[in-house]
Amino acid sequence: MTKFLPAANGASSRVPWPPDPFAYSDGRLCVGGLPLEEVVAATGTPAYVYDLDAVAAAYRRAAAAFEPIGGRVLYAVKANADLAVGHGVTVHVESADELEALEAVAARLERPASFAVRVNPDVEVDTHVNIQTGHDEAKFGVPVAVAHELLARAARGELAGLTPVGVHVHVGSQLPDPDGVAAGARVGLEVLEAGRAAGLELDWLDVGGGLPVDYGGGSAIGPELFAAALAPVVAGRDVRLAVEPGRALVARAGALVAKVLYRKHRSAGRMLVVDTICESTDVLATEADLPDLAPGELVAFLDTGAYGMTMASNYNGQPRPAEIVVADGVARVARRRETWEELLASETGTGAPVAAVQGPAGPLGW
Ligand SMILES: *Cc1c(COP(=O)(O)O)cnc(C)c1O
């Protein structure tokens with residue numbers, strides 16, 4: 001097999017990836033040219049700060065890398081199917097039951113819904129066990145045999161109101177190299193070709209996300225190498241190729257800014273208490289070298305633009321942080337910090353009874 005190296009992108013593959021908008025200037029950490037302490041002055045901390053120009057730059061580079069092989073870059077959001085269908089998007093289904101639910105939604109909305117089958121390609125990738133999604137024991141996708149069966153049902157005209165468009169695979173996140181994506185794409189293509197042979201018009205091949213980010217601050221393998229690995233797989237297959245990077249587009253563009261509240265001394269060493277995160281598994285870095293920080297000083301946790309705010313919780317009764325976006329040298333509040341009132345708003349006190357024991361209450365007869 002010949003290796004495909006997109007000549008035009010040869011230079012950009014040596015540029016650090018993803019683009020990093022955070023840099024020191026005169027000893028102050030700046031984002032998009034603005035000092036971080038100024039950016040968070042209005043909202044206070046904790047606050048997530050994102051540089052939209054860096055997100056756009058990451059998107060442009062990924063789009064340019066996949067463009068020569070006809071691939072589109074779709075940003076990965078975990079979608080809501082009910083809302084989605086009404087807007088005419090393609091739903092990726094991963095079970096026969098889900099397909100039936102989609103049939104019901106399409107019937108209720110009286111509009112056909114297009115779907116792609118998410119296939120579990122049974123490909124193992126060398127990444128963190130919790131983010132391997134493409135091996136056969138993972139909960140995602142249907143086995144190849146089931147994918148064939150679902151498409152066969154569609155070919156027999158058994159799925160009223162549903163239009164199959166293709167296949168979706170996603171082998172995992174933080175991939176060490178593009179081999180897993182290429183292997184997953186090959187399995188997805190087999191299923192797609194079998195559907196075509198059964199008479200369906202399928203052309204959608206979505207190979208998922210997984211473009212990595214180096215959380216150690218270095219450069220990760222860029223989108224060009226993923227495009228190069230996929231090029232021979234899709235060449236001449238007449239498919240609409242899509243990739244869905246998530247973290248690679250946004251992780252490095254964001255930082256969580258927190259304030260030091262207190263200092264503690266333990267036998268194991270110095271400890272700082274900050275005004276964000278609390279659970280003992282919340283580990284963002286270990287053995288990081290910190291200067292002597294005092295209460296009131298700010299700490300920025302870099303590379304937290306992905307799966308940070310979306311996974312923020314109200315653990316320990318904490319309101320969720322504010323979010324600030326920086327673009328073209330201007331910072332704007334995109335979401336203000338949650339208030340204590342909002343945190344308590346859904347509490348109903350003891351509330352109205354929803355179930356009650358008939359007769360003497362409880363086994364002890366209280
Ligand atoms: C989460 C997810 C992605 C994005 O993964 P990243 O590691 O952020 O690139 C893409 N596709 C699917 C189906 C996902 O569930």
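Scan the stretch 166-190 for residues that are buried (at least 24 other Cβ atoms within 10 Å of the Cβ), out of contact with any Phe, Trp or Tyr (no Cβ under 9 Å at 6 or more places or on another chain), over 19 Å from Ala220 (Cβ atoms) and among the hydrophobic types (A, V, I, L, M, F, W, C) and jot them down.
The answer is Val169, Ala185.
So, in the stretch 295-333, how many residues would count as being modelled with pLDDT under 90, within 16 Å of the ligand (Cβ to nearest atom) and at positive phi?
Within the stretch 295-333, residues that are modelled with pLDDT under 90, within 16 Å of the ligand (Cβ to nearest atom) and at positive phi number 1.
Among the residues of the stretch 26-43, is there at least one that is assigned to a strand (DSSP E or B), modelled with pLDDT of 95 or more, within 23 Å of Met309 (Cβ to Cβ) and within 24 Å of the chain's Cα centre (by Cα)?
yes
Out of Arg247, Arg263, report the one residue that is away from the ligand (no atom under 16 Å from the Cβ) and either surrounded by 14 or more Cβ atoms within 10 Å (Cβ to Cβ) or more than 30 Å from Ala76 (Cβ to Cβ) (or both).
It is Arg263.
Pick from Gly44, Gly70, Gly33: which is touching a strand residue (DSSP E or B) at 6+ places or on another chain (Cβ under 7 Å) and on the phi > 0 side of the Ramachandran plot?
Numbers: Gly44 fails: touching a strand residue (DSSP E or B) at 6+ places or on another chain (Cβ under 7 Å); Gly33 fails: touching a strand residue (DSSP E or B) at 6+ places or on another chain (Cβ under 7 Å).
Of Gly44, Gly70, Gly33, the one residue that is touching a strand residue (DSSP E or B) at 6+ places or on another chain (Cβ under 7 Å) and on the phi > 0 side of the Ramachandran plot is Gly70.
Could you list, in sequence order, the residues of the stretch 278-311 that are farther than 17 Å from Arg252 by Cβ and touching a residue at least 40 places away in the same chain (Cβ under 8 Å)?
Cys278, Leu298, Val299 - these are the residues of the stretch 278-311 that are farther than 17 Å from Arg252 by Cβ and touching a residue at least 40 places away in the same chain (Cβ under 8 Å).
Taking strands (runs of 3 or more DSSP E) that do not extend beyond the stretch 87-190, which have at least 1 residues that are away from the ligand (no atom under 13 Å from the Cβ)? First the steps, then the outcome.
Numbers: elements: 90-93, 113-120, 162-168.
Correct list: 113-120, 162-168.
Only one residue in Glu224, Glu279, Glu287 is of a type in the set (Asp, Glu), at pLDDT below 95, in contact with a helix residue (DSSP H, G or I) (Cβ under 7 Å, 6 or more places away or on another chain) and farther than 19 Å from Val169 by Cβ, so which one is that? Steps first, please.
Numbers: Glu224 fails: at pLDDT below 95; Glu287 fails: in contact with a helix residue (DSSP H, G or I) (Cβ under 7 Å, 6 or more places away or on another chain).
The conditions single out Glu279.
Find all pairs meeting these conditions: Cβ atoms under 6 angstrom apart; at least six residues apart or on different chains; first residue within the stretch 156-182 and under 26 Å from Glu100 (Cα atoms) and in contact (Cβ under 8 Å) with a residue 24 or more places away in the chain; second residue among the polar types (S, T, N, Q) and within 13 Å of the ligand (Cβ to nearest atom).
Within 6 Å, the pairs are Val165/Thr90; His170/Thr133.
Just to be sure I understand the filter: pairs with C-beta atoms under 9 Å, separated by 6 or more residues or on different chains, first member in the stretch 244-272 and within 18 Å of Pro46 (Cα to Cα), second member in a strand (DSSP E or B) and within 16 Å of the ligand (Cβ to nearest atom). Which pairs pass?
Listed pairs, sorted by first residue: Ala253/Tyr50; Gly254/Tyr50; Ala255/Tyr50.
Among the residues of the stretch 250-260, how many are more than 12 Å from the ligand (Cβ to nearest atom) and crowded, with 24+ Cβ neighbours inside 10 Å? Full working, then the answer.
First, pick out the residues of the stretch 250-260 that are more than 12 Å from the ligand (Cβ to nearest atom): 252-260.
With the extra rule that they be crowded, with 24+ Cβ neighbours inside 10 Å, the set shrinks to 252-257.
Summing the residues that are more than 12 Å from the ligand (Cβ to nearest atom) and crowded, with 24+ Cβ neighbours inside 10 Å in the stretch 250-260 gives 6.
The values are calculated or read from the model by the stated rules, or taken from the named source; none is laboratory data. Computed from a predicted structure; not experimentally measured. Glycine also receives a Cβ, built like all others from the backbone with ideal geometry; neighbour counts cover every protein chain displayed.
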